[in-house]
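S.K.: Structure provided below as C-alpha cells; questions to follow.
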Amino acid sequence: MKTRNGPQIELPQLSRRQFVTGIAAGAAALSLPVSARTGYRPAQAQALRGNRFDLSIDYTPVNFTGRERLATAINGGVPGPLLRWREGDTVTLNVSNRLAHDTSIHWHGIILPSHMDGVPGLSYAGIRPGETFTYQFKVQQSGTFWYHSHSDFQEQTGLYGPLVIDPAEPDPVQSDRDYVVMLSDWSDESPHDIYAKLKKEGHYYNRRRRTAGDLWREIRAKGLAQTFRDREMWNEMRMSDRDISDVTGYTYTYLMNGHTPDSNWTGLFRRGEKVRLRFINGSSMSIFDVRIPGLKMTVVASDGQNVEPVSVDEFRIGVAETYDVIVEPDGDSAYTVFAQTIDRSGYARGTLTADARLQAKVPAMDYAPVLTHRDMGMGNMGMGEMKMEHGSMSAKGAMNGGDMSTMEHSQHAGMGDMSGMDHSQHSTMGTMDHSQHGSMSGMNHRQQQGGTQGYSPHGGRPELGGMQGVWYTDNLDPAGGGSNQPIVHLPSEHGYGVDMRSAMPTSGLHDPGIGLRDHRERYGRRVLTYADLRNLTPTIDRREPTRELQLHLTGNMERYMWSMDGIKFNDAEPLVLKYGERIRVTLVNDTMMTHPIHLHGMWSELETGDAQFIPRKHTIMVQPGSKISYLVTADALGRWAYHCHLLYHMPGMFREVRVVRGEG
Ligand SMILES: [Cu+2]
C-alpha cells in the first residue's frame, strides 16, 4: 500500500451502497495506526501470537495501482495479520464484522468441528454486520496454513491472511529465519463487475487471443492446411487455445505479502543462514509458478504437512495451496523471489537479501503456454502436442521429460497409428459420447470391456441416500497408486453447461503442468510435480478404500458455467459419506482449466505412488484433461464444503459433503 493523502476517496467503481459506507470508512481510516496507512510494513510486523485473538473486519483504503480503493481488511491489513498458534492449544478467536454485509472467516486446512469451519450455510449462518462471532477449538496439527472469508467474493477485496502453527514436538525442519510469502491478486474492479464480465464473455480478460500476425506465422511454420485444421478444431470447441486463466494481469496487480512488484517485499538474512519461506497462495484466481533465480529450493512441506525434502528450481502453487521451502542464500548476493502467473500475464515479486540496499534483476517472464490435445483429455498424443507447442518440443519433451515409465501403458497401446490422424477428427473426439468410445484403439482396457459393471450412475448404494457421481465398489485399485477405473461421463454431463468431456484423461501426477513441461529441457530447471511428494512420516490410516467416487469437473467457458458432473451446486444433492469409512476420490477434469479442489474438514491424501508415505493435502490441483486420485478418511461428522478454490468457479463447482453415522 502506498501512502494515502487525506481522507478523500475516489470511488468510481463502487456501488451506491458501498459508497455510503466508503465515506464512513475513509473518515475512520484517519485513526488507523501509521503502519497501516503508510503501506510498507516489514515482513510479519503484524504477527499475533497466543491463544486469544481479536480480529476486526472493516473497510480500509488501499492503493496498489495509483488509485485509491476500498478493501475489506482484517485489522486494517491486506493481507490480515499473521496468526501464530501452537499445536495442542485451544484457541479463541473473536471476529467482529464492521462491514455493511455479512462476512465469515474459514480456517483453511484446519481440522476442527464443522460448526467452527466458518462456511455460511453449512457451518453456521455467517457473521452479521455489527456482530462478533467467537470461534473456539483445539489445534491438532502444525504447519503453514491461511484463513479467508467464505462469504460472497470478499477474498478478492482483501479478506485473507496467513496462519502458522508451531509444532508441539521439535520441528524436523530447522532454519535460522522464517518468512511467510503470501501471494495474492488485487483488482481495482469490484469482484461483482469481474464476475458479470466473465458471465457475459468468458474470454473477457484474455488479451492473448490470436491475431492476424499469429495466423501468418503459423501458416509459414505449419503450412496452410495444417493451420486451418488446427484452427477448425479450436473453433469447433468454441475455445481459445490460450485460455489459461480466466482473470488475468489485464485487471490484476499481483501481490507478495501485500506488496506490489514495485514496492518489492524484502526479506533479510545474514550470511550463512538457512531461510524457511512459507509460500501461501491466497489469490482469488491466480496460479503461480515460483522460483528464485540462483537458488535451489528444498521443498519440506506441502499444505502444512512435512514431506521428504525435494530439491527443485521451480514449483507451481495452486490457489489455496501452501509450500514450505528452505533456501541457503550466499551472503553477498540479493535474490529475486519471482512468482509468475500460469498464463504469464503478470507476476508478484520480492527480494531476499543480506543488504537492504541491494536487489537482484527481475527476470523476464517465460513464454506463454498454449493448450494442446493432452489438455483436452485426449491422452498423450505425442505428435499433436509437438506440433502445437510452437514446434519447440522434442518427443522427449512432449512426454513428460522422458518419464515414460510412469505413463498409462494401457492408454498408449495403439496410439502409434493415431499420430497420423487428421486433426479435424480429434475435434469430434473431445465431445464424443462415452458409448462411441468402444471403437477407439488405445483405450483403457477396462473401458473396452464395457466397464459399466460395479458402478451406478444414480449413486451406488441407495441406503446412503441420493448420492451423485459414479461410485465403484468392486475391484478397487490398492491404496497409494491411484485409480484405473473406467472413465464414465454421466448423462448429466450432456447438457449445454458442459462444452468438453475428456475421452482419455492422463494422470496428473507426473505432469508439472501446462507451460512447465519443457522447463527442464529449455532452461535446465527441475520442476516439482505431485509425484515428488512423499510424506515425511508413515501413512496413519493404512486401510484400503472400500469405495471410490469418480467425480468430473465440468464447465462451459463461453457461458462461464462451472459444475461437477454437469450439475451446479444449487441443483446438487450432498455427497454422503459414512463416518469412519475410507474412500477414494478420483477427479476427472473435463475442462481446459486447472482447478484447485479443496475439501474441508478432512485430509485429501494424494496417491503419489507409495502407500506407506501418502502426503496429506487440503487442496489438490487437477490439470486440464487429466485425472488424479486421493484417499479420504471420513473422520469428521457434519456438513463440509468441497469446491474449486478459483473464486469465480465456486458458485457452481461446489458440493456439500455430509459425513453421517451409518446405521448398524
Ligand atoms: Cu475451478
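The values are calculated or read from the model by the stated rules, or taken from the named source; none is laboratory data. This structure is a prediction, so every number in the text was calculated from the model and none was measured. Positions of Cβ are generated from backbone atoms using ideal geometry, with glycine treated the same way; all protein chains shown enter the neighbour counts. With ligands, DNA and RNA removed, areas are computed over all heavy atoms of the protein, side chains included. Shrake-Rupley method; radii C 1.70, N 1.55, O 1.52, S 1.80 Å.
S.K.: So which strands (runs of 3 or more DSSP E) stay within region 573-613 end to end and still have 3 or more residues that are over 18 Å from the mean Cα position of the chain (by Cα), farther than 26 Å from residue 105 by Cβ and in contact (Cβ under 8 Å) with a residue 12 or more places away in the chain?
M.R.: In region 573-613, the matching strands (runs of 3 or more DSSP E) lie at 582-589.
S.K.: Look at region 493-542 and say how many of its residues are in a strand (DSSP E or B), in contact with a helix residue (DSSP H, G or I) (Cβ under 7 Å, 6 or more places away or on another chain) and at pLDDT below 95.
M.R.: The qualifying residues number 2.
S.K.: When region 117-128 is examined, which residues are found to be more than 15 Å from residue 154 (Cα to Cα) and either in contact with an Asp or Glu (Cβ under 7 Å, 6 or more places away or on another chain) or buried (at least 20 other Cβ atoms within 10 Å of the Cβ) (or both)? Even if it seems obvious, please write down each step before you answer.
M.R.: Keep residues of region 117-128 that are more than 15 Å from residue 154 (Cα to Cα), which gives 117, 121-125.
Once the filter is applied, which keeps residues that are more than 15 Å from residue 154 (Cα to Cα) and either in contact with an Asp or Glu (Cβ under 7 Å, 6 or more places away or on another chain) or buried (at least 20 other Cβ atoms within 10 Å of the Cβ) (or both), region 117-128 yields 117, 122, 123.
S.K.: Identify the residue in region 562-593 that is open to solvent by less than 10 Å² (accessible area, probe 1.4 Å) and of a type outside the set (A, V, I, L, M, F, W, C) and, among all such residues, is farthest from the ligand (Cβ to nearest atom).
M.R.: Of everything passing the filter in region 562-593, 582 is farthest from the ligand (Cβ to nearest atom).
S.K.: From the list 661, 616, pick out the single residue that is of a type in the set (Lys, Arg) and either within 16 Å of the ligand (Cβ to nearest atom) or surrounded by fewer than 23 Cβ atoms within 10 Å (Cβ to Cβ) (or both). It would help to see each step written out before you state the result.
M.R.: Details: 616 fails: either within 16 Å of the ligand (Cβ to nearest atom) or surrounded by fewer than 23 Cβ atoms within 10 Å (Cβ to Cβ) (or both).
Going through 661, 616 in turn, just one is of a type in the set (Lys, Arg) and either within 16 Å of the ligand (Cβ to nearest atom) or surrounded by fewer than 23 Cβ atoms within 10 Å (Cβ to Cβ) (or both): 661.
S.K.: Give region 301-326 a look and list any residue that's β-branched (Val, Ile, Thr), farther than 21 Å from residue 521 by Cβ and open to solvent by 10 Å² or more (accessible area, probe 1.4 Å), or say none.
M.R.: 326
S.K.: Checking residue 524 against (1) surrounded by fewer than 22 Cβ atoms within 10 Å (Cβ to Cβ); (2) in contact with a strand residue (DSSP E or B) (Cβ under 7 Å, 6 or more places away or on another chain), only one condition comes out false. Which one?
M.R.: Checking residue 524 against (1) surrounded by fewer than 22 Cβ atoms within 10 Å (Cβ to Cβ); (2) in contact with a strand residue (DSSP E or B) (Cβ under 7 Å, 6 or more places away or on another chain), the one that fails is (2).
S.K.: Quick one: is residue 563 closer than 19 Å to residue 303 by Cβ, at pLDDT 95 or above and not in a loop (DSSP other than H, G, I, E, B)?
M.R.: In short, no.
S.K.: Follow-up question, since we're still on this one. Can you give me the number of residues within region 173-209 that are more than 30 Å from residue 302 (Cα to Cα) and acidic (Asp, Glu)?
M.R.: Selection size over region 173-209: 4.
S.K.: Being within 16 Å of the ligand (Cβ to nearest atom) and part of a strand (DSSP E or B) is the filter; apply it to region 627-658 and report the residue that is nearest to the chain's Cα centre (by Cα).
M.R.: Taking region 627-658 as the starting set, the residues that turn out to be within 16 Å of the ligand (Cβ to nearest atom) are 627-628, 641-655.
Among the residues that remain, those that are also part of a strand (DSSP E or B) are: 627-628, 641-644, 654-655.
Values: 627: 15, 628: 14, 641: 15, 642: 13, 643: 11, 644: 8, 654: 14, 655: 17 Å.
It comes out as 644.
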